[in-house]
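Structure record follows, encoded as structure tokens.
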Amino acid sequence: MIQVSNLTKTYGDLEALKGVSFEIQRGEIVGFLGPNGAGKSTTMKILTGFMPQTAGQVSVDGVDVNTDGLAVRRRIGYLPESTPLYPEMLVYDYLAYVATIRGIARGDIHGRVARAAGLCGIADRAGQAIGTLSKGLKQRVGLAQALIHEPDILILDEPTSGLDPNQIVEIRNLVRELGRDRTIILSTHNLPEVMATCNRMIIVHQGRVVADGTPAELQAREEERPRVRVVLRGAPAAGAAEALRSLAGVDSVKDAMTAEDGATALELTAAAGTDVRPQIYALAVERGWELLELHRQVLDLEGIFRKLTQVV
Ligand code: ADP
Ligand code: MG
């Protein structure tokens, strides 16, 4: 449904997006996850036609954002990172104003406002000034403005940032509900957010997609390539690393560190689907090294996210 291919964006000298590609199917709720500065908002602004890309393509059901931006924008509701809400304006008037900008016919405006406000649980706040609402309710107003033209795609940039824990749960529930009959992309720097709301995550880091899949798929990929921690005594550090590196199935060995009592600790990565532990044991026996530790480390999602988004 949404196709993004090889998207790049430069701001002056800064390459904010370095070739981002992904596809989103109708009905998915996708979490666009990454640390601050990863390029999430930049991608979303391009998807919604707010800002042109430097290179690459974005299309929705085959319609290119750049050639027919209006048609694409009609199908997309967008909640920017900081929604420009007018504090003195009444909720109703603001939503009616957004509806007008969206080109909704005069006679339909009342119905649209009522429907969007109802969906977002703010129907009883229609007569209240936006500035007097709690942050959670303001975010609902933001969501209602994104829904006013009844788009089938919602793009939400950090929808829960700045909210308290109760408001976060409420907005997550609302997003899940809206996702029942809409396609949603939401960005966040927070992994639990994705786990609670999305069926798929795209992890971005420094302008690139570094992972894409369901939580189960990312976990399975990690389990295929576990890291193994080895602690040896009686082995020369450099010699031990070299000997391990030469074992079949060992991909890489991190430099040896000295552990307690003159022992050497090493961490290695094995080739996909191989278990190198028996060979390590055999090597230690053959060389007369004492094997103090031999541990297979499988990261949980938090660990996977941290590993993929570490600044190198
Ligand atoms: P995220 O939303 O993931 O935190 P952004 O897309 O906002 O990341 O930013 C990606 C990178 O581009 C960051 O390094 C940010 O400082 C930079 N950036 C974003 N917007 C601008 C801009 N208008 N001008 C210059 N640099 C920008
Ligand atoms: Mg952002």
Subset of the range 294-309 [open to solvent by 80 Å² or more (accessible area, probe 1.4 Å), outside any helix (DSSP H, G or I) and more than 17 Å from LEU266 (Cα to Cα)]:
ASP300
Pick from the range 35-76 the residues that are touching a His at 6+ places or on another chain (Cβ under 7 Å) and either modelled with pLDDT under 95 or more than 16 Å from ligand 1 (Cβ to nearest atom) (or both): which of them is least open to solvent (accessible area, probe 1.4 Å)?
PRO35
From the option list ARG176, ARG229, single residue qualifying as open to solvent by 40 Å² or more (accessible area, probe 1.4 Å), under 26 Å from ALA144 (Cβ atoms) and in contact (Cβ under 8 Å) with a residue 60 or more places away in the chain is ARG176
Within the range 1-36, tally of residues that are free of Cβ contacts under 8 Å to residues at least 40 places away in the same chain and closer than 19 Å to THR309 by Cβ:
1
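Output the residues belonging to the range 161-173 that are within 16 Å of ligand 2 (Cβ to nearest atom) and either in contact (Cβ under 8 Å) with a residue 60 or more places away in the chain or in contact with a Ser or Thr (Cβ under 7 Å, 6 or more places away or on another chain) (or both).
Filtering the range 161-173 down to residues within 16 Å of ligand 2 (Cβ to nearest atom) leaves 161-163.
Listed by number, the list holds a single entry, SER161.
For the subset of the range 140-157 comprising residues that are free of Cβ contacts under 8 Å to residues at least 60 places away in the same chain and open to solvent by 10 Å² or more (accessible area, probe 1.4 Å), which member is farthest from the chain's Cα centre (by Cα)? Steps first, please.
Narrowing the range 140-157 to residues free of Cβ contacts under 8 Å to residues at least 60 places away in the same chain: 140-141, 144, 150.
Now drop any that are not open to solvent by 10 Å² or more (accessible area, probe 1.4 Å), which leaves 140, 150.
Values: ARG140: 21, GLU150: 25 Å.
Per the stated criteria, the residue is GLU150.
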Output the residues belonging to the range 44-70 that are in a helix (DSSP H, G or I) and more than 15 Å from LYS9 (Cα to Cα).
GLY69, LEU70
Would you check which residues across the range 158-173 are farther than 24 Å from ARG26 by Cα and open to solvent by less than 70 Å² (accessible area, probe 1.4 Å) and list them?
SER161, GLY162, LEU163, ASP164, GLN167, ILE168
Quick one: count up the residues across the range 127-174 that are within 16 Å of ligand 1 (Cβ to nearest atom) and among the hydroxyl-bearing types (Ser, Thr, Tyr).
2
Could you give me the residue pairs with C-beta distances under 6 Å whose first residue belongs to the range 41-70 and is within 14 Å of LEU17 (Cβ to Cβ) and away from ligand 2 (no atom under 16 Å from the Cβ), whose second residue is among the basic types (Lys, Arg) and assigned to a strand (DSSP E or B) wherever it lies, and which are 6+ apart or on separate chains?
GLN53/LYS9; THR54/LYS9
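Mind counting the residues in the range 1-34 that are open to solvent by 20 Å² or more (accessible area, probe 1.4 Å) and within 16 Å of ligand 2 (Cβ to nearest atom)? Steps first, answer last, please.
First pass over the range 1-34, keeping only residues open to solvent by 20 Å² or more (accessible area, probe 1.4 Å): 1, 3, 5-6, 8-15, 18-19, 21, 23, 25-28.
Cutting the leftovers down to within 16 Å of ligand 2 (Cβ to nearest atom) gives us 9, 11, 14.
So the count comes out to 3.
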If I go through the range 71-89 residue by residue, how many of them are in contact with a strand residue (DSSP E or B) (Cβ under 6 Å, 6 or more places away or on another chain) and outside any loop (DSSP other than H, G, I, E, B)?
7
Residue pairs within 6 Å by beta carbon, gap of at least six or interchain, first lying in the range 195-207 and farther than 15 Å from LYS18 by Cα and assigned by TED's automatic domain parsing to the domain that holds LEU178, second open to solvent by less than 20 Å² (accessible area, probe 1.4 Å) and in a helix (DSSP H, G or I), listed first then second, are THR197/VAL175; MET201/VAL194
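Residue-by-condition table, conditions (1) of a type outside the set (A, V, I, L, M, F, W, C); (2) open to solvent by less than 20 Å² (accessible area, probe 1.4 Å); (3) more than 36 Å from the chain's Cα centre (by Cα):
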{"site": "GLU242", "(1), (2), (3)": "yes, no, yes"}
{"site": "LEU247", "(1), (2), (3)": "no, no, yes"}
{"site": "SER252", "(1), (2), (3)": "yes, no, no"}
{"site": "ASP255", "(1), (2), (3)": "yes, no, no"}
{"site": "THR258", "(1), (2), (3)": "yes, no, yes"}
{"site": "THR264", "(1), (2), (3)": "yes, yes, yes"}
{"site": "ALA270", "(1), (2), (3)": "no, yes, no"}
{"site": "THR274", "(1), (2), (3)": "yes, no, no"}
{"site": "ALA282", "(1), (2), (3)": "no, no, yes"}
Considering each of LEU143, LEU232 in turn, give the residue that is of a type in the set (A, V, I, L, M, F, W, C) and assigned by TED's automatic domain parsing to the domain that holds ARG75.
LEU143
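The values are calculated or read from the model by the stated rules, or taken from the named source; none is laboratory data. On a predicted model such as this, the values are computed, not experimentally measured, just so you know. Note: ideal-geometry Cβ built from the backbone for every residue, glycine included; neighbour counts use all protein chains shown. Quick note on the areas: whole protein, heavy atoms, side chains included, nothing else; ligands and nucleic acids left out. Shrake-Rupley method; radii C 1.70, N 1.55, O 1.52, S 1.80 Å.
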